[in-house]
2 protein chains.
Amino acid sequence: MVGLCGGADFSVPDAEAVLPRNLCPLIKSFYGFKLNGTCPYFQSSDLVVGETTCDGKKKVYELLNELIPTYVLEIPHKPDTPAGKEFWLKELDAFKLKMEDLTGNKITAEKLKAAIELINNKRKALKRLSELRQKNPPPISGLDALLIYQISFNDDPVRFTAKVNELCDELDQRVKDGVGVTSKDAPRIMISGCPMAIPNWKVHSILQETGANVVVEESCIGTRYFTDLVEPKGDSLKELLWAIVEKYSAIPCACFTPNERRVKSVTDLAKQFNVEGIIYYTLQNCHDYNVESVKIDRVAKTAGLPMLKIETDYAMGDASQIKTRVEAFLEIIQGKKGF
Amino acid sequence: MVGLCGGADFSVPDAEAVLPRNLCPLIKSFYGFKLNGTCPYFQSSDLVVGETTCDGKKKVYELLNELIPTYVLEIPHKPDTPAGKEFWLKELDAFKLKMEDLTGNKITAEKLKAAIELINNKRKALKRLSELRQKNPPPISGLDALLIYQISFNDDPVRFTAKVNELCDELDQRVKDGVGVTSKDAPRIMISGCPMAIPNWKVHSILQETGANVVVEESCIGTRYFTDLVEPKGDSLKELLWAIVEKYSAIPCACFTPNERRVKSVTDLAKQFNVEGIIYYTLQNCHDYNVESVKIDRVAKTAGLPMLKIETDYAMGDASQIKTRVEAFLEIIQGKKGF
């Protein structure tokens, strides 16, 4: 749900008539979209499914529930404790019952297995696309790749997967032909941090204007979404649900504590994508990602990579300021390369 | 731990050398106290025990753990689900093992029962003190009562309980003699919201200067701490631990979702204490309490009570501005009374 209508500034003023202003823009955006009735996904939904990944969303779902039925699935925050995972499994079980009750359809092991495969195939296509961006020059821009990741939450998964694979065939050819979206010397940038819900293209657009390449997003709309598959160890319903718990508890999301997997992930991705600089992206008032920047800053220092932290919302008032900072940042990177 | 050294501004600049600035002052304060080594409780502790009540604390405990061993106990956020309570019980069990390992002392049912009684007695004394503040005029100022609530986290519980009961005996006499700290006409104010760790007396001091009476704190340093007792249904270790889970999951803290108990609690307290106005108190960047103000504002409107929302940190830069707002707020209350 949040992936669908939570990335635009125009619904924020409506939300601020009810919510405090100093909340994350994603939260204000989705709440405003329901309040002003302008998101078709909200308007055609019978139920919104939320989670307890952060304080802001958790509390605003209570208010959203006054506008549209909202079911909150609790996510334990210590991902590696057996008791936490067992609790998560129980939460999934309760959610399964809720969905069966709402739809009148029984969730069988067979159907769930097919659904897992369907979404795994989507993840594989996205991962294939991501890996093509490791090439130099990259055959697709960061902005275009971001849009594809974003609509992966909206589009029909079968069609989407087929179309992404078709696109990757074209990009394979580009790579063979040595065709890229920039020169080989353009700085290769990782964006690490908060998700960017559609239509939030702010930072990618600014980077594209400056001539840099965003080659990887260490983000929940990025590698955190598609890197790992759901891999059941058997075909029973319990084994399938357990595989979902295992997959999601291994996501290096800042909502988890501690989140050493993210430190490792950023280190690994920086190498795999030949990254030359990290832009740490925090939505305003997102404590999880804001505090975790301390650890990612150390990762960058250890790897000898310049890091620029950008904390922003969806409004364009700070776009010029961000562009100036990005330009100075790129000069540091080019300076290190001797340009 | 947080109750001990998280209420002062002077450690905040130290913390801000590491942490983002736009975090809750309580979090920055406690982290700064450990960083600069000025809190004797931190310096003499072998272990800090944290919890997952909010994003900011959860993530900063990771960094605190680099300075002093920090054990994080997970608190489920949907308080009324049986699965959540079972998970909490498992977290308590694991914590018990950790404490036994650290101290070399076995936590037996007998010892735990005695400890529960000890702290219940402290809660009863605090509740007795609180109920004396229902009188008009109140026999003790809000500022003095706040200090007593605050030191309840630091002082030896046996001595503290005895001294609070002695004080209450004196206050009983004051009530009999009709002696109060203000006139009978002074506005009776409830403060509802974030906890105030020692030495955070900012809002109470301002209110006292204006001549108003703070008669009740709907706060974790206030009614949420002492209203309910831990009430075991048996003497086995499991029953005792279960009683702790039941007590803590019934606290109307904004970390829970939904938190309808708080709506009821504020309504009830307003009646019990003959409250004439509510000051909604939010520490800066505390999403849980900030968002929940929307619901408490409705409570105030339903009860016909004026409400003033104050969002502040520990610095005194906004003290004059807050005083001006409080004075205007008190005029509204006096206006309603026909003064």
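The values are calculated or read from the model by the stated rules, or taken from the named source; none is laboratory data. Keep in mind that what you see is a predicted model, and the values were worked out from it rather than measured. Cβ placement follows ideal geometry from the backbone for every residue including glycine, while neighbour counts extend to all protein chains displayed. Only protein heavy atoms, including side chains, enter the accessible area calculation; ligands, DNA and RNA are left aside. Shrake-Rupley method; radii C 1.70, N 1.55, O 1.52, S 1.80 Å.
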All but one of (1) closer than 29 Å to residue A:187 by Cβ; (2) surrounded by 15 or more Cβ atoms within 10 Å (Cβ to Cβ) hold for residue A:131; which doesn't?
(2)
Over segment B:238-247, the set of residues touching a residue at least 40 places away in the same chain (Cβ under 8 Å) and open to solvent by less than 50 Å² (accessible area, probe 1.4 Å) is B:240, B:241, B:243, B:244, B:245
Which numbered condition trips up residue A:34, out of (1) at pLDDT below 95; (2) in contact with a Ser or Thr (Cβ under 9 Å, 6 or more places away or on another chain)?
(1)
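Yes/no matrix, rows are residues, columns are (1) on the phi > 0 side of the Ramachandran plot; (2) at pLDDT 95 or above; (3) of a type in the set (Phe, Trp, Tyr):
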| site | (1), (2), (3) |
| --- | --- |
| A:11 | no, yes, no |
| A:16 | no, yes, no |
| A:20 | no, yes, no |
| A:24 | no, yes, no |
| A:27 | no, yes, no |
| A:38 | no, no, no |
| A:42 | no, no, yes |
| A:47 | no, yes, no |
| A:60 | no, yes, no |
Of A:309, A:336, the only residue that is in contact with an Asp or Glu (Cβ under 9 Å, 6 or more places away or on another chain), touching a residue at least 24 places away in the same chain (Cβ under 8 Å), surrounded by fewer than 16 Cβ atoms within 10 Å (Cβ to Cβ) and not β-branched (Val, Ile, Thr) is A:336
Looking at B:173, B:208, can you tell me which residue is surrounded by fewer than 21 Cβ atoms within 10 Å (Cβ to Cβ) and closer than 30 Å to residue B:285 by Cβ?
B:208
Residue, nearest to the other protein chains (Cβ to nearest Cβ), within segment B:75-97, restricted to residues that are open to solvent by 30 Å² or more (accessible area, probe 1.4 Å) and either within 30 Å of residue B:171 (Cβ to Cβ) or free of Cβ contacts under 8 Å to residues at least 40 places away in the same chain (or both)
B:90
Please enumerate the residues belonging to segment A:258-295 that are within 12 Å of another protein chain (Cβ to nearest Cβ), assigned to a helix (DSSP H, G or I) and not polar (S, T, N, Q).
A:260, A:262, A:263, A:287, A:288, A:289, A:291, A:292, A:294, A:295
Please find, among B:235, B:185, B:169, the residue that is more than 17 Å from the chain's Cα centre (by Cα) and without any contact (Cβ under 8 Å) to a residue 12 or more places away in the chain.
B:169
Filter the helices (runs of 4 or more DSSP H) completely within segment A:18-67 down to those with at least 3 residues that are buried (at least 21 other Cβ atoms within 10 Å of the Cβ) and within 10 Å of chain B (Cβ to nearest Cβ).
A:55-64
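Only one residue in B:71, B:61, B:41, B:31 is among the hydroxyl-bearing types (Ser, Thr, Tyr) and within 25 Å of residue B:259 (Cβ to Cβ). Which one? Full working, then the answer.
Working: B:71 fails: within 25 Å of residue B:259 (Cβ to Cβ); B:41 fails: within 25 Å of residue B:259 (Cβ to Cβ); B:31 fails: within 25 Å of residue B:259 (Cβ to Cβ).
The match here is B:61.
Out of segment A:278-292, which residues are in contact (Cβ under 8 Å) with a residue 60 or more places away in the chain and either of a type in the set (Asp, Glu) or surrounded by fewer than 22 Cβ atoms within 10 Å (Cβ to Cβ) (or both)? Full working, then the answer.
Filtering segment A:278-292 for residues in contact (Cβ under 8 Å) with a residue 60 or more places away in the chain gives A:278-289.
Result: A:284, A:288.
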Hey, residue B:116 more than 14 Å from chain A (Cβ to nearest Cβ) and open to solvent by less than 40 Å² (accessible area, probe 1.4 Å) or not:
yes
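Please pick out the residue among B:257, B:227, B:267 that is more than 26 Å from residue B:134 (Cα to Cα), touching a residue at least 24 places away in the same chain (Cβ under 8 Å) and of a type outside the set (Asp, Glu).
B:257
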Report, by residue number, each residue of segment A:8-49 that is touching a residue at least 40 places away in the same chain (Cβ under 8 Å) and small (Gly, Ala, Ser).
A:8, A:29, A:45
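Residues of segment B:296-333 being in a helix (DSSP H, G or I) and within 13 Å of chain A (Cβ to nearest Cβ), which ones? Before you say what the answer is, go through the steps one by one.
Step one: of segment B:296-333, the residues in a helix (DSSP H, G or I) are B:296-303, B:319-333.
B:296, B:297, B:298, listed by residue number.
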Selection from segment B:155-166 of residues that are open to solvent by 70 Å² or more (accessible area, probe 1.4 Å) and over 10 Å from residue B:121 (Cβ atoms):
B:156, B:159, B:163, B:166
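Using the structure shown, decide if residue B:259 is polar (S, T, N, Q), in contact with a helix residue (DSSP H, G or I) (Cβ under 7 Å, 6 or more places away or on another chain) and surrounded by fewer than 24 Cβ atoms within 10 Å (Cβ to Cβ). Write out each step before concluding.
Numbers: polar (S, T, N, Q): yes; in contact with a helix residue (DSSP H, G or I) (Cβ under 7 Å, 6 or more places away or on another chain): yes; surrounded by fewer than 24 Cβ atoms within 10 Å (Cβ to Cβ): yes.
When the stated conditions are applied, residue B:259 passes them.
Among the listed residues A:192, A:152, identify the single one that is in contact with an Asp or Glu (Cβ under 6 Å, 6 or more places away or on another chain) and either open to solvent by less than 10 Å² (accessible area, probe 1.4 Å) or in contact (Cβ under 8 Å) with a residue 60 or more places away in the chain (or both). Working first, answer last.
On the way: A:152 fails: in contact with an Asp or Glu (Cβ under 6 Å, 6 or more places away or on another chain).
Checking each option against the conditions leaves just A:192.
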Does segment B:5-13 contain at least one residue that is within 11 Å of another protein chain (Cβ to nearest Cβ), of a type outside the set (Val, Ile, Thr) and open to solvent by less than 20 Å² (accessible area, probe 1.4 Å)?
no
